[in-house]
Structure formats: C-alpha cells, structure tokens
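Since the structure comes first, as structure tokens, the remarks are kept for the end.
The values are calculated or read from the model by the stated rules, or taken from the named source; none is laboratory data. A quick note: this is a predicted structure, and the numbers were derived from the prediction, not measured. Neighbour counts are summed over all protein chains in view; Cβ atoms, including those assigned to glycine, are modelled from backbone coordinates with ideal geometry.
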Amino acid sequence: MLKVYESGGGELDNFREWLSDNLRYILLGLAVVLVVIIGFCIFRLVGGSSSKKTNTGNTPTAAPVSQDQEDTTEKTASVSISAPAPGEGLTMNDEKLLALAKKYYGAVSAEDEQTLATIVEPWNDTVKEETFALNEKFKSFDNITTYSKDGPADNSWLVYVYCECKVDGVDTGIPTLLNPLVVITTDSSDLKISSDRAEYVDFINESNASPGVQTLINEVNKQYEDLKGADTQVKNYGTDGSASSSGQNQEASTEAGASSGSSSSGSYGTATATDSVNIRSEGSTNGAVLGGLYPGQEVTIVSTEGDWTHINYTDPATGSKIDGYVSSKYLKVN
C-alpha cells in the first residue's frame, strides 16, 4: 500500500522517502500500462492483416483470371508487330514517297475523290471503282511504311506499302503488304501514282520475284502467322467468309507440287478465290510469290496440277498480268 506523509519541514527528504517506499508500485503500474499498449498494437496489426486477407468488408476484389486469359496475355505480349527491315535493293521510307503513300491511302480510306484526282493519273470512273474496292476489305491503313526501288523509266519508282490494316471484327491491326504503287514524275515535276500501268507489268512481276521483295513478303507473312497464334480474333478472321490477311498469306497446308496427282491443261473456264491466297511461280510453296488474290476475285484457269491450279490473272489495282499457281483449295470453279 502507498504510504502518505504530511507536508512540513524537510519536504524534499520526505518525498525521497516516499518515492523509495513506493517505487515498486510505480514501476508495476508503468509495466501494466506498457503491456496494455503493446497488446493494443498487436491487436490492431493482426486484425488489419486478417481484414486484408479475408476482405469481408465492401471493398471489391479483382475477378480471378482464368488460365486461358493468362495464356492469351502471355502470347499477345510475345508478338511484336512492326514494319520489317528493308530487303535487298529496297529503300525504306523515302521521304517524298512515304508522304505520297500516306496521302493516297488516307484519301482512299476517306473516299476523297478531289485529293485522289490530284495524285492519281489518270483518274476516271473505272479507276475510282477499282480504288475504292479496297474499302470493302480494309477500314483503315495505319502505320504506313514504304519500300521503294527505281522504276523502269527515269524518275519513276515501284513502291511497296506495308501497313497495319484494320478490318471488321478484329481489334488488332493486321500486318499487310499492299500491291505496289507505280510512282511517276510528270512534266511539271509533280509525283503521281500511275493507274495506267500495262507497260510496267513485266517489271512488276520481275520485281515481285526478286530476293529483296520475297524477303519482305516472307517477313510480313511471318508476322501475320505469329499474330494468328496469339490473337483469337485474327485466328478466326478468314474462317467465317471474310479474308484472312493481305492477299498474300493463305497457302495449301501441304507442300505437294505439280507431280502429286492428276493434271489437266488448257484454258477451260474461270474460278473465284474463296479466301486471300498467294499466287506463286510454280505449283509449290517453294515457288516465289508473284502476287495475291482477295476473296471474290476471278481468275482464268489454265490447268489443274495436283493440289494446285495454274491461272492467268490481271490485278485490277496495278494492271499487272500474272501467270502463276494458286492452291486449289482456295478456288471455287465457276
């Protein structure tokens, strides 16, 4: 029990005596207060941690991610879509040609006849119809990149245009190599895109088969195939009646050439492409890519050779006449 002393003389001595007699009680009281404080802190710490783990309050938790979602995220992150490096003999993004290509495809997408009439020569109703047919397939032409080489005439160029095209039902831009543009220089030194290019057919076909262009085509095709493996929308694109890419991607799954199966020859009608498909120099996936067909485009059948069909085809966008081979599975005989 605490002892109490009356005040009077020698107060300091009395206080010291009181403190000495009651020190153990004071220390005991401080210890009790310290234990209470420590206990309270531990309670708050344990209680807060438990609340975070159980989340029994009104704070929403993130929805669990399924394994499929995780896999899709990982696959998408691993695919890099960008303009390929230029192949042998090609110049990437020549300033004047890149500006012209962007102006052209911007006007095509907007169906801006006034602008197109100033940069396409000649511009008439037939060219207009063929040009705007691109909009039936593509909604936009994004991240345009050009690959150019000298044309057959002075101050002319053959320009291959890479872009990431937006199509219905697919959020991701699809890597696409569009048909080459023939750019000419007019007497007034203006650059224009020629729509009357029959004189360039042989040059275009020769250029398409060159190593540099073949490398470029293969790089774009590889990006598309990688994207199909990572993006379900892209994978399904082309299996529901729509096209699958740039007109230069679908092939027969087999590498069987003209020797595998029966063969018949002679021009005997026409066929319609059921999907985007390459036109190759021979009846094999080893053949050089000469061009491509879009769904609905019509070709003349020369012969059928195993799993491949020998065709003649005039590209409406370039005027190029192509003699080559297409996987028969992507053609419907009319």
Given (1) in contact with a Lys or Arg (Cβ under 6 Å, 6 or more places away or on another chain); (2) assigned to a strand (DSSP E or B), index of the condition Cys165 fails: (1)
Residues that are in contact with an Asp or Glu (Cβ under 7 Å, 6 or more places away or on another chain) and either surrounded by 15 or more Cβ atoms within 10 Å (Cβ to Cβ) or within 24 Å of Phe203 (Cβ to Cβ) (or both), drawn from segment 115-141: Pro122, Lys128
Restricting segment 184-204 to residues that are over 30 Å from the mean Cα position of the chain (by Cα) and small (Gly, Ala, Ser), the residue that is surrounded by the most Cβ atoms within 10 Å (Cβ to Cβ): Ala198
Residue tally, condition surrounded by fewer than 18 Cβ atoms within 10 Å (Cβ to Cβ) and closer than 14 Å to Asn278 by Cβ, over segment 205-226: 5
Single match in Ala107, Ala99 (criterion: modelled with pLDDT of 95 or more, crowded, with 17+ Cβ neighbours inside 10 Å and among the small types (Gly, Ala, Ser)): Ala107
Sole exception among (1) loosely packed, with under 15 Cβ neighbours inside 10 Å; (2) in contact with a Lys or Arg (Cβ under 7 Å, 6 or more places away or on another chain) for Gly173, by number: (1)
Lone qualifier among Gly247, Gly241, Gly292 - being in contact with a strand residue (DSSP E or B) (Cβ under 7 Å, 6 or more places away or on another chain) and either modelled with pLDDT under 80 or part of a loop (DSSP other than H, G, I, E, B) (or both): Gly247
Filtered residue count, segment 92-134, keeping only those that are of a type in the set (Val, Ile, Thr) and either part of a loop (DSSP other than H, G, I, E, B) or in contact with a helix residue (DSSP H, G or I) (Cβ under 8 Å, 6 or more places away or on another chain) (or both): 5
